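The structure under discussion appears below in the form of structure tokens.
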Amino acid sequence: MSIDNLKSALPAYAKDQKLNLGTLSRTTELNEEQLWGSLVAAAAATRNDQVLKEILEDAREHLSEEAIDAALGAATVMAMNNVAYRAKSWLGDDYAQVKFGLRMNIISKPGVDKATFELWNTVVSAINGCEHCLSAHAKTLLEEGMTKEQIWESIKVAGVVQAVAQALQAEAVRNA
């Protein structure tokens, strides 16, 4: 299993992340599609090739290609939206009514159910640090019937995958 490859690649100082990765990959808060799509979306958001490759390898056993595309689509559309919404917020009220003018068709037809796609958007928004998007997607998830525990579980996935990517990147530079 490639999650195992990631765990074995982690240095001693990242032992907590090794343990967290093992625990989260066995969560009972999220169903299989929600979990593995969250892992894929988070891995894509980290921009770490090794993490994405390893997680995708395992995800193919748990997700359809359509779901993988949706998780990767969540990562890409939120990469764009997180930048745009943060910028609008920082620029202040003068930009509140400015039209985005950006295509986001995947949001209306992601290839998975709305709540699942929203969950993956939440994961990516947490990694990208967009308060506006994170709050908006979490609110939608609650309206769609997800629990706070499920939302928080996805945030934990985001945090752990980001930490794993950071540790592996630090080691790559350290050993270069």
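The values are calculated or read from the model by the stated rules, or taken from the named source; none is laboratory data. Please read these numbers as outputs of a predicted model, since none were measured by experiment. Neighbour counts are summed over all protein chains in view; Cβ atoms, including those assigned to glycine, are modelled from backbone coordinates with ideal geometry. Note: accessible area is taken over every heavy atom of the protein model, side chains too, but ligands, DNA and RNA are not part of it. Shrake-Rupley method; radii C 1.70, N 1.55, O 1.52, S 1.80 Å.
Once the Cα atoms are used to define both axes, helix 114-128 deviates from the longest principal axis of the chain by about 70 degrees. If I fit a long axis through the Cα atoms of helix 65-91 and take the longest principal axis of the Cα atoms of the chain, what angle between them do I get, 0 to 90°, rounded to 10? Approximately 60 degrees, to the nearest ten. The mean accessible area for residues of segment 3-175, using a 1.4 Å probe and ignoring ligands and nucleic acids, is 53 Å² per residue. Between segment 49-114 and segment 1-48, the C-alpha centres lie 19 angstrom from each other.
Simple spin-label estimate for Gln169 and Thr76 gives 2.1 nm between the two label positions (7 Å along the Cα-to-Cβ direction from each Cα). Tell me the label-point distance for the pair Ala176, Glu65, using the 7 Å Cα-to-Cβ offset, in nm and rounded to one decimal. Roughly 3.5 nm, to one decimal.
In the list (1) 10, 39, 33, 14, 3, 0; (2) 10, 40, 37, 12, 0; (3) 9, 35, 32, 17, 6, 1, the label attached to P(r) over Cα pairs in 10 Å bins from 0, in percent as derived from the coordinates here is (1).
Report in % the part of the accessible area of segment 83-160 that belongs to carbon and sulfur, leaving out ligands and nucleic acids; probe 1.4 Å. Roughly 54 percent of what the probe reaches on segment 83-160 is carbon or sulfur. Calculated FRET efficiency, Ala115 to Trp152, Cβ-Cβ distance, R0 = 22 Å: about 0.90 to the nearest 0.05. Descending by average beta-carbon neighbour count within 10 Å, the peptides 145-156, 75-86 line up as 75-86, 145-156, the highest first. Across segment 3-175, Cα pairs under 8 Å and at least six residues apart give a relative contact order of 33 percent.
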